[in-house]
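The values are calculated or read from the model by the stated rules, or taken from the named source; none is laboratory data. As the structure is a prediction and not an experimental result, all values here were calculated from the model. Counting neighbours? That spans all protein chains shown, and the Cβs are built from the backbone with ideal geometry, glycine included. Keep in mind that these areas ignore ligands, DNA and RNA; they rest on the heavy atoms of the full protein, side chains included. Shrake-Rupley method; radii C 1.70, N 1.55, O 1.52, S 1.80 Å.
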Amino acid sequence: MDVQRTDSSWQPNASIATLKHRAAIVRQIREWFYKSNILEVETPQLVSGATTDPHIDSFQLPGRTLRTSAEFHQKRLLAAGSGDIYELGKVFRVDETGRYHNPEFTMLEWYRGGIDHHQLIDEVEKFLAYLHVTDFPGFERISYRELWLKTAGVDVAANDTSALCAFIESAGCDVPRLIHKDFDALLDLGMAAVIANCLAKDTYTCIYDYPESQASLAKIDRSDPEFPVASRFEIYYGAVELANGYHELTDAAEQQTRFEQDNHQRKLNAKTEMPIDHYLIDALHHGLPECAGVALGFDRLMMILLTDISAIEQTLSFDWLRA
Amino acid sequence: MANVSTNEFKSGLKIMLDGDPYTIVENEFVKPGKGQAFSRVKVRNLKTGRTVEKTFKSGESVEAADVMDTDMQYLYADGEFWYFMDPVSFEQLGANESAVADVKQWLKEQDTCEVTLWNGEPLSVTLPNFVELKITQTDPGLKGDTAQGGTKPATLETGAVVKVPLFIEEGEVIKIDTRTGEYGGRVKD
């Protein structure tokens, strides 16, 4: 990317006042986890087994890869008997630049044993309420399927790509021809470009129970045989995605299959296949306790908690272009 | 022309869409954390000036448009074409009426303009925000009337007619805001 250097580009993106605010919030967060008896951990940023997620690209270095989340290492700690843990640290994703994206960003990720995703959602709500102190903006919950029915009039259980296309186009967003038959890509575009903008402004919305095809590392709930769902949730603030959580998959064989499917998808998309994290698979074989986990974009949380912030770079000491 | 990928998109980049050259006005990166990424761009058609929104899947490529902006000197018009000269190579190019539609009434011989070339042909001509032109005809003003108030028509050396304050006189040089076509002040000697 071209860097246009001006006389003031040496200066930080965030104001010094914002950086002080940021530091104060970090301190509050550590306090909250300390009081909740959740252990702070640090895991490596330079890792041997990278994410295989077909839509996330890792920075690759000789022999190691920069992590895109702390998930795999945290699960290895859980399997080793750490009990509840959290990490506040940097993660890295290639080419993610925009008003809400910086390729290097800070993620807050935590895991709780013995609970499912709904109980973790309750905890995330309490955590956010703690940070907002007296003016908590509100927290609504809706399932992914209900949200689409309510906002788009489309039943995602019907797997109907032409209905999705029609809805997205009727909302004024053109659909690239390449994805007309790609159900998940249509869900992603519809969600990011249309549905998210219809969520209640200035309040949190928790969307839970995603289609099975969007399970990522969540357990599948097959209680409705017609429409199995991933035990996954996302938290939005207005139209901005803030956090993503799972009732975690603990089945090693299933995990191995999902990694292989991801790599197959990467190959179809002409992307490099990524080395599977065998340490994680071994940890799952040993036994990952039943748990739920969530990862939250800390810089985006700053955008919500601080006033007068309109772009992620205003929360960062130095963004990608000034780094 | 080379192809450009969506991760090189930025405002000002010129691309080809459906056979027409466009400039990117705004580029928004959208991506659910666990899903596919898209670029939603606002693009302006350089031929029609119309702005539309387009969505691209991340990693998709489009053809770059061979569009460049160059400073040229306006020479003359022959009724069909407006001729411009490259001050370095002395090469002359004729621009058709649609390319000069927005600026033709302010074009004065030997003035320098920015000519946007597409595949070497003039696509549009842009003038500085302010140009200085001489008044060739206007009714005599009222002496001492420098306060705000009335205006009167004045014909400029290019033939354009603009509204000027009453105190402006024939033979004076005035500034014109080319974006609005309005009087922008007197030019003092």
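If A:Ala185 satisfies all but one of (1) in the same structural domain as A:Arg145 (by TED's automatic domain parsing); (2) closer than 18 Å to A:Gln261 by Cα; (3) in contact (Cβ under 8 Å) with a residue 40 or more places away in the chain, what's the number of the condition it fails?
Here A:Ala185 clears every test but (3).
Is it the case that segment A:295-308 has a residue that's open to solvent by less than 40 Å² (accessible area, probe 1.4 Å), in contact with a Lys or Arg (Cβ under 8 Å, 6 or more places away or on another chain), within 14 Å of another protein chain (Cβ to nearest Cβ) and small (Gly, Ala, Ser)?
No: segment A:295-308 contains no residue that is open to solvent by less than 40 Å² (accessible area, probe 1.4 Å), in contact with a Lys or Arg (Cβ under 8 Å, 6 or more places away or on another chain), within 14 Å of another protein chain (Cβ to nearest Cβ) and small (Gly, Ala, Ser).
Would you call A:Asp282 among the charged types (D, E, K, R) and either surrounded by 15 or more Cβ atoms within 10 Å (Cβ to Cβ) or not assigned by TED's automatic domain parsing to the domain that holds A:Leu61 (or both)? Spell out how you get there, then give the answer.
Working: among the charged types (D, E, K, R): yes; either surrounded by 15 or more Cβ atoms within 10 Å (Cβ to Cβ) or not assigned by TED's automatic domain parsing to the domain that holds A:Leu61 (or both): no.
Considered against the rule, which asks whether it is among the charged types (D, E, K, R) and either surrounded by 15 or more Cβ atoms within 10 Å (Cβ to Cβ) or not assigned by TED's automatic domain parsing to the domain that holds A:Leu61 (or both), A:Asp282 comes out as no.
Please verify whether segment A:207-220 includes one or more residues that are within 29 Å of A:Arg76 (Cβ to Cβ), of a type in the set (Phe, Trp, Tyr), touching a residue at least 12 places away in the same chain (Cβ under 8 Å) and touching a Leu at 6+ places or on another chain (Cβ under 8 Å).
no
Considering each residue of segment B:34-62, count those that are open to solvent by 20 Å² or more (accessible area, probe 1.4 Å) and over 30 Å from A:Asp262 (Cα atoms), and give that number.
Adding up the residues that qualify gives 10.
In segment A:47-58, which residues are in contact with a Ser or Thr (Cβ under 7 Å, 6 or more places away or on another chain) and open to solvent by 30 Å² or more (accessible area, probe 1.4 Å)?
none
Could we say that A:Ile16 is in contact (Cβ under 8 Å) with a residue 40 or more places away in the chain and either more than 14 Å from chain B (Cβ to nearest Cβ) or under 30 Å from A:Leu268 (Cα atoms) (or both) here?
Details: in contact (Cβ under 8 Å) with a residue 40 or more places away in the chain: no; either more than 14 Å from chain B (Cβ to nearest Cβ) or under 30 Å from A:Leu268 (Cα atoms) (or both): yes.
The answer is no for A:Ile16.
With respect to the numbered conditions (1) under 28 Å from A:His286 (Cα atoms); (2) open to solvent by 20 Å² or more (accessible area, probe 1.4 Å), which one is the sole condition not fulfilled by A:Arg99?
(1) is the only condition that A:Arg99 fails.
Can you go through B:Glu80, B:Glu97, B:Glu114 and tell me which one is touching a helix residue (DSSP H, G or I) at 6+ places or on another chain (Cβ under 9 Å), among the acidic types (Asp, Glu) and closer than 30 Å to B:Ile15 by Cβ? Give the derivation first.
Working: B:Glu80 fails: closer than 30 Å to B:Ile15 by Cβ; B:Glu114 fails: touching a helix residue (DSSP H, G or I) at 6+ places or on another chain (Cβ under 9 Å).
Within the list B:Glu80, B:Glu97, B:Glu114, the selection yields B:Glu97.
Could you check segment A:196-206 and list, in sequence order, the residues that are assigned to a helix (DSSP H, G or I) and either free of Cβ contacts under 8 Å to residues at least 12 places away in the same chain or open to solvent by 30 Å² or more (accessible area, probe 1.4 Å) (or both)?
Initial filter on segment A:196-206 (assigned to a helix (DSSP H, G or I)): A:196-198.
Listed by number, the residues that qualify are A:Asn197, A:Cys198.
Within segment A:13-43, can you find the residues that are touching a helix residue (DSSP H, G or I) at 6+ places or on another chain (Cβ under 7 Å) and not in a helix (DSSP H, G or I)?
Quick first cut of segment A:13-43, residues touching a helix residue (DSSP H, G or I) at 6+ places or on another chain (Cβ under 7 Å) only: A:13-14, A:18, A:22, A:25, A:28, A:32, A:40-41, A:43.
Listed by number, the residues that qualify are A:Asn13, A:Ala14, A:Glu40, A:Val41, A:Thr43.
With the requirement that a residue be surrounded by 13 or more Cβ atoms within 10 Å (Cβ to Cβ) and either of a type in the set (S, T, N, Q) or in the same structural domain as B:Val164 (by TED's automatic domain parsing) (or both), what does segment B:99-122 give you?
Across segment B:99-122, the qualifying residues are B:Gln105, B:Thr112, B:Thr116.
Scan segment A:221-240 for residues that are more than 20 Å from A:Gly113 (Cβ to Cβ) and surrounded by fewer than 23 Cβ atoms within 10 Å (Cβ to Cβ) and jot them down.
Scanning segment A:221-240 gives A:Arg222, A:Ser223, A:Asp224, A:Pro225, A:Glu226, A:Phe227, A:Pro228, A:Glu234, A:Tyr236, A:Gly238, A:Ala239, A:Val240.
Report whether or not A:Glu260 is out of contact with any Leu (no Cβ under 9 Å at 6 or more places or on another chain) and of a type outside the set (Val, Ile, Thr). Don't jump to the end; show me each part of the working.
Numbers: out of contact with any Leu (no Cβ under 9 Å at 6 or more places or on another chain): yes; of a type outside the set (Val, Ile, Thr): yes.
Considered against the rule, which asks whether it is out of contact with any Leu (no Cβ under 9 Å at 6 or more places or on another chain) and of a type outside the set (Val, Ile, Thr), A:Glu260 comes out as yes.
If I go through segment A:44-56 residue by residue, how many of them are β-branched (Val, Ile, Thr) and not in a loop (DSSP other than H, G, I, E, B)? Walk me through how you get there before you give the answer.
Filtering segment A:44-56 down to residues β-branched (Val, Ile, Thr) leaves A:47, A:51-52, A:56.
Within this subset, residues satisfying the condition of being not in a loop (DSSP other than H, G, I, E, B) are A:47.
Of the residues in that region, 1 qualify.
Being at pLDDT 85 or above and among the small types (Gly, Ala, Ser) is the filter; apply it to segment B:124-167 and report the residue that is most open to solvent (accessible area, probe 1.4 Å).
B:Gly159
Quick check on segment B:63-96: of everything there that is on the phi < 0 side of the Ramachandran plot and small (Gly, Ala, Ser), which residue is most open to solvent (accessible area, probe 1.4 Å)?
B:Ser89
When the residues of segment A:139-191 are filtered to those that are away from chain B (no Cβ under 14 Å), over 17 Å from A:Ser213 (Cβ atoms) and of a type in the set (Val, Ile, Thr), which remaining residue is surrounded by the fewest Cβ atoms within 10 Å (Cβ to Cβ)?
Top of the filtered list is A:Ile142.
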